[in-house]
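Beneath this line is the structure, given in structure tokens, with notes to follow.
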Amino acid sequence: MPLSEKEADEIIKGLPRKWTEYTYRGKSLKELLVMSYEDLAKIAPARVRRKLLRFIHGVGGLSLTERVLLEKIKKYRDKKIKKPIKTHCRDFVILPDMIGMKFLVHNGKEFVEVRITPWHFFYRLGDFAPTVKFTQHGGVKKAAPRKK
């Protein structure tokens, strides 16, 4: 689902300035947005590359839930819907055309909001929705006075 030059320009206009200066392996944000999936696969890490190439060539790649999520992303992008997309699909790879969108990712108990920035490219949605809540370790506790 590579974007056209015009669509990429529209997306970039609505982003913070620091995001527009982002580069990944020498490619600017605009170049990443208009790049085809095959070209993205060439610069992606190995695990993501394999998944993208399998999807492109029709030999698996994306599960049914991932395909449904991809269609939903297209729909939200085309209709310019700002509402977060709710999903249980934690292993979905974050692609450049998802920039600026919000997702509600299930962590096993509740949905955690994840806003996609350029620094999230090629990670998984589940990487930003921790499944375990960290509770701080107890500090030094005052000893209770002993009764004699």
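The values are calculated or read from the model by the stated rules, or taken from the named source; none is laboratory data. Note that this is a predicted model, so its numbers are computed, not measured. Cβ sites come from the backbone with ideal geometry, for glycine too, and all protein chains shown count toward neighbours.
Brief remarks on what is shown
- For beta carbons closer than 7 Å, sequence separation of 6+ or different chains, a first residue in region 56-72 that is free of Cβ contacts under 8 Å to residues at least 12 places away in the same chain and more than 15 Å from PRO2 (Cα to Cα) and a second that is surrounded by 13 or more Cβ atoms within 10 Å (Cβ to Cβ) and of a type outside the set (A, V, I, L, M), the qualifying pairs are GLY60/ARG54; GLY61/LYS51; GLY61/ARG54; GLY61/PHE55; LEU62/PHE55.
- Exactly one residue out of LEU52, LEU32 is closer than 15 Å to PHE122 by Cα, touching a Pro at 6+ places or on another chain (Cβ under 6 Å) and in a helix (DSSP H, G or I): that is LEU32.
- Positions within region 35-49 being assigned to a helix (DSSP H, G or I), under 20 Å from GLU5 (Cβ atoms) and of a type in the set (A, V, I, L, M, F, W, C), in sequence order: LEU40, ILE43
- Across region 5-19, the qualifying residues are those that are surrounded by 15 or more Cβ atoms within 10 Å (Cβ to Cβ) and not aliphatic (A, V, I, L, M), and the one among them that is nearest to the chain's Cα centre (by Cα) is TRP19.
- All positions within region 73-112 that are closer than 24 Å to GLY14 by Cα and surrounded by fewer than 16 Cβ atoms within 10 Å (Cβ to Cβ): LYS74, LYS75, ASP78, LYS79, LYS80, ILE81, LYS82, LYS83, LYS86, LYS102
- All conditions but one from (1) more than 16 Å from the chain's Cα centre (by Cα); (2) of a type in the set (Ser, Thr, Tyr); (3) within 14 Å of PRO118 (Cα to Cα) apply to TYR24; the one that does not is (1).
- Matching residues in region 58-87 - criterion: being modelled with pLDDT of 95 or more and among the hydrophobic types (A, V, I, L, M, F, W, C): ILE85
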